[in-house]
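The values are calculated or read from the model by the stated rules, or taken from the named source; none is laboratory data. On a predicted model such as this, the values are computed, not experimentally measured, just so you know. Heads up, the Cβs are rebuilt from the backbone with ideal geometry, glycines too, and the neighbour counts pull from every protein chain shown.
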Amino acid sequence: MTRKLEELFDLPPSGSESEPTEPAITTEQTRSQLAQIDATIDKIDLALPAVRGLEASDAEMDDIAAKAQETFDNLMDLGFNVDSRHSAEIFAVAGTMLGHALTAKTAKLNKKLKMVDLQLKKMKMDQDQNNKSGADPVETAHGQVLSRNDLLERLLVSRDQKTE
């Protein structure tokens, strides 16, 4: 940087080294944070088996879709082997069968998405109730306050490490 830019933006001279404001994160701190994250993930996994418990209707939807696709294939073969004046109706019915297969797959997917949405809403409500009841809030992120020079220095170091 030029001296004029430094003076304009009231920055320290570029030759000066600034000391880090935050101590380096130790391996032990990283391990404890990872353990907390793993515990949170396990809680989420325990809350989601309700979505997997709907496999009975999922199997039914898969059966309907498979039968509709099989019927579509049979009708297409039949439509190609009959007189052209009758094949239009057969192809229309075959298209309807393919539509039924698509509808069955879409209904299955929509049901799963709706269940996940409901579970997320329930988790949000539980979290809001915990916050209102005075329980300790769940820490979601960690951050550091850096000056512009510290940030630029870290970016340059990471860029230099990537090029090596």
Quiz item: When region 73-130 is examined, which residues are found to be touching a residue at least 24 places away in the same chain (Cβ under 8 Å), under 20 Å from the mean Cα position of the chain (by Cα) and under 26 Å from D62 (Cβ atoms)?
Solution: K108, K111, K112, M115, V116, Q119
Quiz item: In region 3-55, which residue that is modelled with pLDDT of 75 or more and part of a loop (DSSP other than H, G, I, E, B) is farthest from E153 (Cα to Cα)?
Solution: T26
Quiz item: For region 83-103, what are the residues that are surrounded by 15 or more Cβ atoms within 10 Å (Cβ to Cβ) and closer than 15 Å to I64 by Cα?
Solution: A94, M97, L98, H100, A101
Quiz item: Consider K67 against the criteria (1) more than 29 Å from the chain's Cα centre (by Cα); (2) surrounded by 10 or more Cβ atoms within 10 Å (Cβ to Cβ); (3) modelled with pLDDT under 75: it satisfies all of them except one. Which criterion is unmet?
Solution: (3)
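Hey, among K121, K108, which residue is touching a helix residue (DSSP H, G or I) at 6+ places or on another chain (Cβ under 7 Å) and part of a helix (DSSP H, G or I)?
On the way: K121 fails: touching a helix residue (DSSP H, G or I) at 6+ places or on another chain (Cβ under 7 Å).
Exactly one residue qualifies, and that residue is K108.
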Quiz prompt | R154 being assigned to a helix (DSSP H, G or I), free of Cβ contacts under 8 Å to residues at least 60 places away in the same chain, more than 30 Å from D58 (Cα to Cα) and under 30 Å from the mean Cα position of the chain (by Cα) | solution = yes
